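The values are calculated or read from the model by the stated rules, or taken from the named source; none is laboratory data. What you see is a predicted model, and the numbers here were worked out from it, not measured in a lab. Cβ placement follows ideal geometry from the backbone for every residue including glycine, while neighbour counts extend to all protein chains displayed.
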């Protein structure tokens, strides 16, 4: 049920990661070089997944903001391919878990193994101990198993049998799921959804793009040619600089007004939590950084609100029967709240 990738292990194995994975990036790293690698990352992903430039940009934004990504769509549109492509382009530890109904929390986190020779127990790490975890078809596992990732996603740590274990940094989950009305799926709990920074829906490609896909994969898949362009230290450096992007009090208040509007809207049973505010704040900083700016604009907040907020709200029964979507409600709120100049 678990698959460990061998193409993207950083210098050394777990022992090497432990030594410095939770420290600060090396100061001597060239930020401008890291930015160039970031552009190369985007270009390479667009060769693998055609016609999805915006989804790729959101994925890279989540990487810069150190946030997890939930990709929801019908099978076969490239969700897993996109996640694997990103992992191949990053020189970090990557593990994949294929979620199934019989998957247990210990299959994700790890467990203690008894040694009959000396009567001792030794801890065996689960696939969660990596930098990028691909949780494929996450909503095919039971809610109990899905919840095993809650602590890891929010705190980059895992408590197993009463012992806390730090995860290597950076750590993010790239999860894919099929629509909840498909056979054999379980809806993700609200607490789990709230841990994902962004929610992405890929959609079908247009006709011209689909023709290009046919010829791209006629002999081999483009993903097989990918080589790492960013290493762990560069990723940590970029994430560190994202946090220095300036946000004015006016833009911060605008962001909070959007969040508070979700809590008072009569069409909603549940609005966005303070965690959602923090995640939108960080996503807006990452968007500005990716655009080459040192400051956040209201446009950055509006753009990322479409990906950060809809999966955090719960629509009332009346609104749901009235065919109002969560994305529609967020768009309505963005239109009504005054934008600071």
message: Quick check on my filter: what residues within the stretch 145-178 are surrounded by fewer than 14 Cβ atoms within 10 Å (Cβ to Cβ) and over 28 Å from residue 85 (Cβ atoms)?
response: 159, 161, 162, 163, 164
Of residues in the stretch 236-250 being touching a helix residue (DSSP H, G or I) at 6+ places or on another chain (Cβ under 9 Å) and assigned to a helix (DSSP H, G or I), the one surrounded by the fewest Cβ atoms within 10 Å (Cβ to Cβ): 250
- prompt: Could you say whether any residue in the stretch 192-200 is out of contact with any helix residue (DSSP H, G or I) (no Cβ under 8 Å at 6 or more places or on another chain) and surrounded by fewer than 19 Cβ atoms within 10 Å (Cβ to Cβ)?
  reply: no
- prompt: Only one of 150, 133, 169 is in contact (Cβ under 8 Å) with a residue 24 or more places away in the chain, in contact with a strand residue (DSSP E or B) (Cβ under 7 Å, 6 or more places away or on another chain) and closer than 29 Å to residue 236 by Cα; which?
  reply: 133
message: closer than 12 Å to residue 229 by Cβ, surrounded by 21 or more Cβ atoms within 10 Å (Cβ to Cβ) and either at pLDDT 90 or above or not assigned by TED's automatic domain parsing to the domain that holds residue 230 (or both): is that true of residue 64 in this structure?
response: no
message: Which condition from (1) within 22 Å of the chain's Cα centre (by Cα); (2) part of a helix (DSSP H, G or I); (3) surrounded by 15 or more Cβ atoms within 10 Å (Cβ to Cβ) is the one that residue 299 breaks?
response: (3)
task: Could you pull out the residue among 134, 90 that is touching a helix residue (DSSP H, G or I) at 6+ places or on another chain (Cβ under 6 Å), under 28 Å from residue 38 (Cα atoms) and outside the structural domain of residue 276 (by TED's automatic domain parsing)?
output: 134
task: Go through the stretch 93-108 residue by residue and tally those that are touching a helix residue (DSSP H, G or I) at 6+ places or on another chain (Cβ under 8 Å), assigned to a strand (DSSP E or B) and either without any contact (Cβ under 8 Å) to a residue 24 or more places away in the chain or more than 23 Å from residue 38 (Cβ to Cβ) (or both).
output: 2
message: Please pick out the residue among 288, 261 that is more than 30 Å from residue 40 (Cβ to Cβ), in contact with a helix residue (DSSP H, G or I) (Cβ under 9 Å, 6 or more places away or on another chain) and in contact (Cβ under 8 Å) with a residue 24 or more places away in the chain.
response: 261
Elements of type strands (runs of 3 or more DSSP E) in the stretch 131-235, at least 2 residues being more than 19 Å from residue 308 (Cα to Cα) and under 16 Å from the mean Cα position of the chain (by Cα): 132-136
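Conditions (1) within 17 Å of the chain's Cα centre (by Cα); (2) buried (at least 21 other Cβ atoms within 10 Å of the Cβ), marked per residue:
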residue	(1), (2)
81	yes, no
86	yes, yes
92	yes, yes
102	no, no
108	no, yes
113	no, no
116	no, no
